[in-house]
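Here the structure is laid out as structure tokens; the discussion comes afterwards.
Please treat every number below as a calculation from the coordinates, not as lab data. Values in this document were obtained by computation on a predicted structure and should not be read as measured data. Counting neighbours? That spans all protein chains shown, and the Cβs are built from the backbone with ideal geometry, glycine included.
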């Protein structure tokens, strides 16, 4: 088992092109592979003059070996290594191209790959630096090369490709990233809207049960003391009948605001239907603390006054399910218990709370 794990980690490490050492290993191994390809091509007679190419290929291979050591032993700071690797990548490749001439034609795309890779690994600023530096170095190498300077238009096209292609890729990647961020924001807004009560701005029934489910997991896993309250307004129907639904909606908004003011930021409140509210209170220290919160909620609701109707009053009946409880380990059992206790509070004269303690 241990051997298998070590092998998996090694493979993952060597293929991680996003890491500094992974990129250094890739630089050396890809150069070595290309050198072997050139040897085979020379052996097959496809390359007639391999002498000049040797200098360039050996220079880039040497750079690859040295840079693996620089990264592996953390020589210089990371920022200095990052900037220096960009300069040396483009400069040493241009040197190799100058000496190798047409032999390096199959890998003229390498400076483009370097610039794009720097952008993906380090950010757009490094992509631009690599692209312009690569264009400048290759322009000098091609203009001085006995082979490449004979066709100016081809040389200019290569230089422009080295500069333009990474920048174009950078623009596209930024647009894709921006579109992805926008989609994530829209998804987050949609998810938030789907869990929010449009009238009061607090959680709706769906959002409440999501929060309740997470709290149940915590309670079942760690035994954290918590409470679930079910609050039903007393006298709300009379408000609706006397003042209309618009006034009733305003009352519900005020109730939600008052309940929020009585709770901690970690507590969650939801309108789960009509004039019924659900409250999740995680991590309580004692039953007395929960009862104090419940009484504060009742007192706050009782202070609401209906404009133009001094005879109308509001109250709140609350059922409290205390957790952990062997009989209340899921949403259904918890809500049944809270609902039963809430109706017990109503039968006891309303405007009060009942617990299962």
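The relative contact order of the stretch 157-302, computed from alpha carbon pairs under 8 Å that lie at least 6 residues apart in sequence, is 27 percent.
Compared with the dominant principal axis of the Cα atoms in the chain, helix 331-347 is inclined by about 30°. Exposure proxy shown here: for 229, 114, the number of other Cβ atoms within 10 Å sets the order, fewest to most, as 114, 229. Between 318, 265, 68, the Gaussian network model of the chain with springs among Cα atoms under 10 angstrom shows the greatest mean-square fluctuation at 265. Among 216, 269, 332, the largest mean-square fluctuation in a Gaussian network model of the chain (Cα springs under 10 Å) belongs to 332. The relative contact order of the chain, computed from alpha carbon pairs under 8 Å that lie at least 6 residues apart in sequence, is 12 percent.
The angle between the Cα long axis of helix 152-194 and the main principal axis of the chain comes to about 10°, on a 0 to 90 degree scale. With contacts taken as Cα pairs under 8 Å and at least 6 residues apart, the stretch 2-186 reaches a relative contact order of 18 percent. With springs connecting C-alpha atoms under 10 Å apart, model the chain as a Gaussian network and identify which of 97, 153, 203 has the largest mean-square fluctuation. Of the options given, 153 has the highest mean-square fluctuation.
Report summary: the helix-based calculation at 222 nm, which adds -39500 (n - 2.57) for every DSSP H run with n ≥ 4 and divides by the residues of the chain, gives -22500 deg cm²/dmol. Annotation: the antiparallel percentage among DSSP beta bridges lying fully within the chain is about 85. For the stretch 205-355, DSSP calls about 90 percent of its internal beta bridges antiparallel. For the chain, take the longest principal axis of its alpha carbons; what is the angle in degrees between that and the long axis of helix 287-302, to the nearest 10 within 0 to 90? That works out to roughly 70 degrees. Summary of packing: across the peptides 231-238, 119-126, 276-283, 310-317, the per-residue average of other C-beta atoms within 10 Å ranks them, highest first, as 276-283, 231-238, 310-317, 119-126.
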